[in-house]
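Novice: Once you've had a glance at the structure underneath, I'll fire off some questions.
The values are calculated or read from the model by the stated rules, or taken from the named source; none is laboratory data. Predicted, not measured: the structure shown is a model, and the values here were computed from it. Glycine also receives a Cβ, built like all others from the backbone with ideal geometry; neighbour counts cover every protein chain displayed. Only protein heavy atoms, including side chains, enter the accessible area calculation; ligands, DNA and RNA are left aside. Shrake-Rupley method; radii C 1.70, N 1.55, O 1.52, S 1.80 Å.
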6 protein chains.
Amino acid sequence: MHIHLINPNSTPSMTAQALESALSVKHADTRLSASNPTDTPVSIEGGADEAMAVPGMLAEIRKREGQGVDAYIIACFDDPGLHAAREVARGPVIGICQAAVQVAMTISRRFSIVTTLPRSVPIIEDLVSDYGAERHCRKVRAINLPVLGLEEDPVEAERLLRQEIELAKQEDRAEAIILGCAGMSLLCTRLNKATGIPVIDGVTAAIKVAEALVGAGYATSKVNTYDYPRIKVGGCKVVV
Amino acid sequence: MHIHLINPNSTPSMTAQALESALSVKHADTRLSASNPTDTPVSIEGGADEAMAVPGMLAEIRKREGQGVDAYIIACFDDPGLHAAREVARGPVIGICQAAVQVAMTISRRFSIVTTLPRSVPIIEDLVSDYGAERHCRKVRAINLPVLGLEEDPVEAERLLRQEIELAKQEDRAEAIILGCAGMSLLCTRLNKATGIPVIDGVTAAIKVAEALVGAGYATSKVNTYDYPRIKVGGCKVVV
Amino acid sequence: MHIHLINPNSTPSMTAQALESALSVKHADTRLSASNPTDTPVSIEGGADEAMAVPGMLAEIRKREGQGVDAYIIACFDDPGLHAAREVARGPVIGICQAAVQVAMTISRRFSIVTTLPRSVPIIEDLVSDYGAERHCRKVRAINLPVLGLEEDPVEAERLLRQEIELAKQEDRAEAIILGCAGMSLLCTRLNKATGIPVIDGVTAAIKVAEALVGAGYATSKVNTYDYPRIKVGGCKVVV
Amino acid sequence: MHIHLINPNSTPSMTAQALESALSVKHADTRLSASNPTDTPVSIEGGADEAMAVPGMLAEIRKREGQGVDAYIIACFDDPGLHAAREVARGPVIGICQAAVQVAMTISRRFSIVTTLPRSVPIIEDLVSDYGAERHCRKVRAINLPVLGLEEDPVEAERLLRQEIELAKQEDRAEAIILGCAGMSLLCTRLNKATGIPVIDGVTAAIKVAEALVGAGYATSKVNTYDYPRIKVGGCKVVV
Amino acid sequence: MHIHLINPNSTPSMTAQALESALSVKHADTRLSASNPTDTPVSIEGGADEAMAVPGMLAEIRKREGQGVDAYIIACFDDPGLHAAREVARGPVIGICQAAVQVAMTISRRFSIVTTLPRSVPIIEDLVSDYGAERHCRKVRAINLPVLGLEEDPVEAERLLRQEIELAKQEDRAEAIILGCAGMSLLCTRLNKATGIPVIDGVTAAIKVAEALVGAGYATSKVNTYDYPRIKVGGCKVVV
Amino acid sequence: MHIHLINPNSTPSMTAQALESALSVKHADTRLSASNPTDTPVSIEGGADEAMAVPGMLAEIRKREGQGVDAYIIACFDDPGLHAAREVARGPVIGICQAAVQVAMTISRRFSIVTTLPRSVPIIEDLVSDYGAERHCRKVRAINLPVLGLEEDPVEAERLLRQEIELAKQEDRAEAIILGCAGMSLLCTRLNKATGIPVIDGVTAAIKVAEALVGAGYATSKVNTYDYPRIKVGGCKVVV
């Protein structure tokens, strides 16, 4: 099977990092590719960045439809354009936030999320609510470091994350931690060991969920909401 | 005060229609302008159409910031890009769905919504839930007519809307009706009279809410979530 | 248009203060009047005070129906008798809590409320939930000062409010603040400036929402719940 | 123990009927009295009727405090003034809606409610939600008969109730039925037998819950919300 | 009437203690018996302990059906097997958690729960949510003492409980406290006096609720969910 | 990896059928085994059947711990004992209801569930709510056929299922269907083809989710709720 990972921002080093995480957990038989649009923000921090990234991301999907891609992964924790992407793709589209939340709800009963900037906290809270985990998610926390800061000072990033995970253990009684940014992916294993609590990286979760869905033969339902967008030419509508 | 209405799709006749509705209810002192992007779908029917419309819509806002616009109205019932727009604008940004829901919650205790296509029903249900009206909204209904069908056959559109409103009165015990598409705006008064139940048009609601907020001196909070997007140059971040 | 503001308690100085706030934001064309019942508690602090205030408040509405009043404002943050008032009035009836919550949900994504006494906290929490803002409202806080204490020691009141707003900013990451008592109305502008966060006064919000609704031609739906109370004479019922 | 039942409306025959129901189920040792205010609506159909009934109802409680009443029952299904009454009384105050809902949640997993007029449906839905039974309550139904119609034509009332209960069994898969009006109390046993489904009368439920709470020594918590109303004299406040 | 109390764990001293609590509040006319299975865990701390206790508990019910037992009480705060027990019994089955929650929602507007081990916190939170008290319950707290520790060191247990109740008063603004373990039952009166806040013991609450339901003639609805389990012999099904 | 599937009831033909489904979708590298307890009900229809099945099911897990099993699947749609099983097992434990719901939330925006008996409907509704899909699940439907009836008359079962799925498409506007019983597993592919809507079988979903979780290295969090049950000997407690 062929899974394609899209980093919606335009920073290739982040695409490379997400791909590295994904490669380390994918099944031997899975073909994995990755790309990022080039006309989108260098990092996604809030709703405007998200909005500017989605058309480029959809274009990445559109040009691969019909070329044997079985599933797509959106490698940004805000799951930008997830519903739109599902309309455009035939196969399943996996958001790393939703995949991580589903894993957390399966291996623990209460979890917390640690993200980068405080401005993303309400956005992630609303996603968690939409994914049905409002009661299971104790708290969404932020280390107050910009997304690209994860790459620029990985030592400081790791220190801040460890600190925040300890707070989540003590104050939230979290039973698992979700890393709330694709850029934290490579730190996951070390944080897991250092803190003694399951730490869930969305990229890893998404790759495995994608393999699972494709392996079972599931595709996106084209009944109603996720049907392909109707093709409309000027005032003339063509129902596809 | 100056309010600018943006129709996120690229059909000028729909912009004109929304403007006509808005002009008929605005206060004499309000300066009202309207525009639509030219590179967006001709109608917005689902999440992919929404996503393709938002960057153009944000551009419409960006080029008017600093030119004395006090508030913006997004004249599409899915409220596409509403949160993103609030990051970009200084003044309030009003979505016609949210404004209509707030009116309905004030003048009735249970309401129903009538929209165009069934595929928009879950999208609107999720908005209604996010706006806190899950218990107050009895049902989201669809007349199964594409958005542009409202313009092409207004007689049939009106007939279908009347029919669906009667069902909402009988089956849902709706106490008010929200028209779930900006393109239904000009039918509002006639439907109101024909059905004997308050019928709420989002464009009307949004204009008046925008005047209210600007009149009171409210602007979008720049504390945290709706703060301006950070300006980021390549790997360098500049905090604004 | 004519908007009538009712302070449900029987303290004329509080009526005067709410009127002063309202006058400072109303549109030039709006005719504004205000009154309070004389047989109600001097302040409303809890459910029993509310209950004792509502019949007098309804009488204030009843005697103005048919005299050209277009909308009413209930100037007490518990929104006492709001649903009852809507049955009695033809035009819209605006509660200052509901109006403030609607404004807060439009200009911010997370807000906190600061009220007077702790005993009002659960009452306001329940209102917030009924108005659909449970997820958007971070916390309802109390400064532990009786309602009339706001008038008796405005300096101390302002100090306590500033202190609590700072806590809301830090601990709740509130993006806007709602003042949870009509008696705090005149402090709003100063608190706004002093704290650097949007501070929302319900009286202001309600006046502008009332102008908006009347300006759009909305009246209270008389279909079902908010229909006029049936007139009943002894065992004989007369359907009106 | 002494339990006092208050019918908040001013129709003595309804008070007598509720008392008759209560007497038939009370424990032999329980002293039971009943009263109704004389200055309230003859029946309670909607929020305005409720509001006009509450001060008289609170007066009924106030004049009995200090005279050995251990608990109060509010014999109207809208539970008007329930929170206010709890502030005024030392012992528990039981609303017949809340008591019936608690019984239904204990002996069944899904129930429906059948009330009189459609205008009461949203009011009862909101109560059910406040009492935490939103998922357990399948539907609130109305037989479209005024409250006093239950007394005037009991044969027709019983016919309509049986019909609606059958619908609740078939369409809602209700496992128990709550009668949504104190005036239906005496029909409960016959409806139970006729329909083969548990039918719950709120007056009965409330009497037994009141006996239970008093028997266990529970009184209304005077910590915070349900504390006695503060006594306030003009601008001077006296904390009690 | 005959009420039978079952302690689902196999520690007879805990059964004796629950019985002692129950005897002290039961009505003079109530016949009360108690038992525990002998093949279940010595204490119930978490879901696996619960699961191992339920079949033995159901057997305790089954052997008493047809012998005049009118209601059953499950004397473990996790309400293990509550729904299953209701299928097996004719009369009402009362869980001490649900009974305590219903009392707390009647005599206060916000309460907190204090249990033994932290691992039970999410379990109780989920029960509270199922019983519809999510908004009314401020917090579920744990004193971090195993269940049997309550018996082994009652002085320390009482000290820890008082400490945690004080925190609940200050930090949660709790208006009542529920003791979250049957083994805390005998400490209830002393904690009540020492802390000045209503303290609710589930065993007491359950006995009185059971008396109330039986006294009113209520039995478990055998319509649908709580119907008796079908008797199935091998591949042959016999509908009972 | 080694995944072990447990059918909690004691009907070996159902175990065989679930295994057959699982074998047809498992990855080539996955070792799959299956078993059922022998002292449990022949089918699970309601809460009492569930309760009687769980200890046997836990025993099936316990005897395999330490023998290299990486994950367990509970092949009964009520997910009986799911939380208990997670305490007992080191690796992930997957319930077929939760897995199916997670798939449905990923490939569609609204789904319905079709189960066997009406008595299971509220049980499944409560699970769906606990899994956070209350808004996404349109309706839980029943074909009114006992579990073993699926095996005894598969032709009739398939006819009833097709009929109910058509109703779900028309009345619920379901975008995907979940089969609400492990015994429907082998009908999934045919129903999918016959109805033109994605049909999700929980056994299939669970196998693939289990492979995904194990493949990513996830195990059940032993922090707090899902920690191993404490070993307790008489009155002596041993913390493990």
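Novice: Can you give me the % of accessible surface on the protein assembly as shown that is carbon or sulfur? Probe 1.4 Å, all protein chains present, nothing else counted. Walk me through the numbers on the way to the answer.
Specialist: Details: 23510 of 44390 Å².
Summing carbon and sulfur atoms, their accessible area is 53 percent of the total for the protein assembly as shown.
Novice: For region A:99-111, what does the Karplus curve 6.51 cos²θ - 1.76 cosθ + 1.60, with θ = phi - 60°, yield as ³J(HN,Hα) per residue in whole Hz, taken in order and with x for Gly and Pro?
Specialist: Computed from phi, the couplings for region A:99-111 are 4, 5, 5, 5, 5, 4, 6, 9, 9, 8, 10, 9, 9 Hz.
Novice: Choose one answer from A:Arg230, A:Arg119, A:Arg64: the residue with the largest mean-square fluctuation in a GNM of chain A with alpha-carbon springs under 10 Å.
Specialist: The residue with the greatest mean-square fluctuation here is A:Arg230.
Novice: What are the nm distances, shortest first, from F:Ser24 to its equivalents in the other copies, labels at 7 Å along Cα→Cβ?
Specialist: In ascending order, 3.8, 5.9, 5.9, 6.3, 7.4 nm.
Novice: Would you work out if region E:1-50 is rounded, prolate or oblate? Take a ≥ b ≥ c from the square roots of the eigenvalues of the alpha-carbon gyration tensor; rounded if a/c is under 1.5, else prolate when a/b is larger than b/c, oblate otherwise. Intermediate results must be reported in sequence, preceding the final value.
Specialist: On the way: a/c = 2.69, a/b = 2.42, b/c = 1.11.
Prolate.
Novice: Once amide H atoms are built 1.01 Å from N in the peptide plane, which residues 5 or more positions from A:Thr115, or in another chain, come under 5 Å H to H?
Specialist: Under 5 Å from the amide H of A:Thr115 lie the amide H atoms of A:Arg141, A:Ala142, A:Ile143, A:Gly180, each far enough along the sequence or on another chain.
Novice: Here's something else I'd like to know. First check a/c for chain C, with a ≥ b ≥ c the square roots of the eigenvalues of its C-alpha gyration tensor; if it is under 1.5, answer rounded, and if not, answer prolate when a/b is larger than b/c or oblate otherwise. Could you put the intermediate results ahead of the total?
Specialist: Numbers: a/c = 1.68, a/b = 1.63, b/c = 1.03.
Prolate, since a/c reaches 1.5 and a/b exceeds b/c.
Novice: Further question on the same structure: What residues qualify as long-range amide H neighbours of F:Arg138, i.e. H under 5 Å apart, gap of 5 or more or another chain, H built at 1.01 Å from N?
Specialist: Distant-sequence amide H within range of F:Arg138: F:Phe111, F:Ser112.
Novice: For region C:57-78 and region B:50-82, what is the centre-to-centre distance using only Cα atoms, to the nearest Å?
Specialist: Comparing the Cα centres of region C:57-78 and region B:50-82, I get a distance of 38 Å.
Novice: Just F:Gly132, F:Gly81, F:Gly202 to compare: in a GNM of chain F, with alpha carbon springs under 10 Å, which one fluctuates most?
Specialist: Maximum among the listed residues: F:Gly132.
Novice: Could you go through region F:116-130 in sequence order and give the Karplus-derived ³J(HN,Hα) for each residue, using 6.51 cos²θ - 1.76 cosθ + 1.60 with θ = phi - 60°, rounded to whole Hz, and x for Gly and Pro?
Specialist: Taking θ as phi minus 60°, the curve returns 8, 9, x, 5, 7, 4, x, 4, 5, 4, 5, 4, 4, 5, 5 Hz for region F:116-130.
Novice: How large is ³J(HN,Hα), in whole Hz, for each residue of region D:175-182 in order, when computed from phi with the Karplus curve 6.51 cos²θ - 1.76 cosθ + 1.60 and θ = phi - 60°, using x for Gly and Pro?
Specialist: 3J(HN,Hα) across region D:175-182, in whole Hz: 9, 7, 10, 9, 7, x, 6, 4.
Novice: Can you give me the distance in nm between label points at A:Lys193 and F:Ala219, each placed 7 Å from the Cα along the Cα-to-Cβ direction?
Specialist: With each label point 7 Å from Cα toward Cβ, the separation is 1.5 nm.
Novice: Is it possible to state the helix-based mean residue ellipticity at 222 nm for the protein assembly as shown, with each DSSP H run of 4+ residues giving -39500 (n - 2.57), the sum divided by total residues, to the nearest 500 deg cm²/dmol? What is it?
Specialist: Roughly -13000 deg cm²/dmol at 222 nm, from the helical runs in the protein assembly as shown.
Novice: Can I ask one more? For the protein assembly as shown, what proportion of DSSP beta bridges, expressed in % and rounded to the nearest 5, is antiparallel? Please report the intermediate quantities before stating the final value.
Specialist: On the way: 18 of 162 bridges.
Restricted to the protein assembly as shown, the bridges split so that about 10 percent are antiparallel.
Novice: How far is F:Gly196 from itself in the other copies, in nm, if each label sits 7 Å out from Cα along the Cα-Cβ line, shortest first?
Specialist: List, nearest first: 4.0, 4.0, 5.9, 6.1, 7.2 nm.
Novice: Between chain F and chain E, with a rotation axis joining them, whose C-beta in F is nearest that axis, and what is the whole-Å distance?
Specialist: F:Pro55, 3
Novice: Amide H neighbours of E:Cys76 under 5 Å, at least 5 residues apart or on other chains, H built in the peptide plane: list them.
Specialist: Close amide H contacts, sequence-distant or interchain: E:Ile96.
Novice: Then there is this: Using a 10 angstrom cutoff on alpha carbons, build the Gaussian network for chain E and name the most mobile of E:Pro229, E:Pro92, E:Pro118.
Specialist: E:Pro229
Novice: Which lysines, if any, have their Cα less than 22 Å from the Cα of A:Lys193, not counting same-chain residues under 8 positions apart?
Specialist: Counting by Cα, and skipping residues close in sequence, A:Lys193 has these lysines nearby: A:Lys26, A:Lys139, A:Lys169, A:Lys208, F:Lys222.
Novice: Of all DSSP beta bridges in chain C, what percent run antiparallel (nearest 5)?
Specialist: On the way: 3 of 27 bridges.
Expressed as a percentage, antiparallel bridges in chain C total about 10.
Novice: How far apart are the D:Pro12 label points across copies, placing each 7 Å from Cα toward Cβ, in nm, shortest first?
Specialist: D:Pro12 label point versus its equivalents elsewhere: 4.2, 6.2, 7.9, 7.9, 9.4 nm.
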